[in-house]
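Structure first, commentary second.
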């Protein structure tokens, strides 16, 4: 009997200890709670006549801009993944006084459950490639940025047209470098993390070569990086060597091979270092 009594007492203690957990779980069922939001941000939706697609703009407002004061704008590709990251990266750099107050515009796609991989492969690639569905709309997407996104931001959020920054990773990095070699003066700075430079039989290498045949200057600041453990490591290193070797006048660049990182995990360091570089004097 003694053993049985001890067992019952122990079981009762264990059961009572679980009651708060069970109760908490039961109270959560069927209830709704407010979502976590990024303070000082808002969403705008635009229809692009150039691409025929609908886009959401995640906009982080400049916190200290006085009326009439113009501030730099970071145009961030793949906002669905990286807008939250950049809000945090910028916040730390701003606190440490490495960068000024800026507007962050994360560009993504509207609608219920958009296929981000498919849509970005359309917009960020500069040529048609049968291996990539719908590819080749980068010229149209760049026109959309120029014709719709930039005027909206600069007229409503105090964006400085002389301090535009374009940032992207992977296909977004490919588009960033494509924009730089197509209209280098459109943006003040370019940040390309793990750019897909080998896309479509090294199209970007051919584009850079064509640029170099007619122009000796490249009026831009560019940060280019890649992880040291990804498939793009060597192609990006090769592209860096080529573009640095041109000796373009007016071209400022910083490059980094990020140790111990692969294709997606290098973004926090790449974006941090890239943003710092763009605002260096």
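Laboratory data are not the source of any read-out in this text; all were calculated from the coordinates shown. Since the model is a prediction, treat every value here as computed from it, not as a measurement. Neighbour counts run over all protein chains shown; Cβ positions are idealised from the backbone, glycine included.
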How do the peptides 125-135, 31-41 rank, highest first, by the average count of neighbouring beta carbon atoms within 10 Å per residue?
125-135, 31-41
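Once the piece of chain linking residue 88 and residue 213 is laid out straight, how much longer is it, given 0.36 nm per residue of separation minus the C-alpha distance between them? Write down the numbers at each step before the final one.
On the way: separation 125, 0.36 × 125 = 45.00 nm, distance 4.08 nm.
Fully extending the segment from residue 88 to residue 213 adds 40.9 nm.
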C-alpha long axis of helix 171-182 to longest principal axis of the chain, angle in °:
20
Based on the alpha-carbon gyration tensor of the range 46-106, what equivalent-ellipsoid semi-axes (square roots of 5 times the eigenvalues) come out, in whole Å, largest first?
24, 15, 8
Based on the Cβ-Cβ distance from residue 242 to residue 276, what FRET efficiency comes out when R0 is 30 Å, to the nearest 0.05?
0.75
Chain lengthening between residue 131 and residue 253 when straightened (0.36 nm per residue, less Cα-Cα):
40.7 nm
Taking R0 as 45 Å, what's the FRET efficiency between residue 98 and residue 31 from their Cβ-Cβ distance, rounded to 0.05?
0.60
Ranking 180, 150 by Cβ neighbours within 10 Å, fewest first, what do you get?
150, 180
Looking at the chain, what % of its DSSP beta bridges pair antiparallel, to the nearest 5?
30
At a threshold of 8 angstrom on Cα-Cα distance, excluding pairs fewer than six apart, so keeping six or more, what relative contact order does the chain reach in percent?
14
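Please give the calculated 222 nm ellipticity per residue for the chain, where each DSSP H segment of at least 4 residues contributes -39500 (n - 2.57) and the sum is spread over every residue; nearest 500 deg cm²/dmol? Intermediate values should be presented prior to the final figure.
Details: 9 runs with 119 residues, N = 281.
Helices in the chain give a 222 nm mean residue ellipticity of -13500 deg cm²/dmol.
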Could you work out how far apart the two model spin labels at residue 202 and residue 45 are, taking each label as a point 7 Å from the Cα in the direction of the beta carbon, and quote it in nm?
4.5
Angle between the chain longest axis and helix 2-28 axis [Cα atoms, degrees, rounded to 10]:
40
Using only the alpha-carbon atoms, how far is helix 79-95 inclined from the longest principal axis of the chain? Give it as 0 to 90 degrees, nearest 10.
90
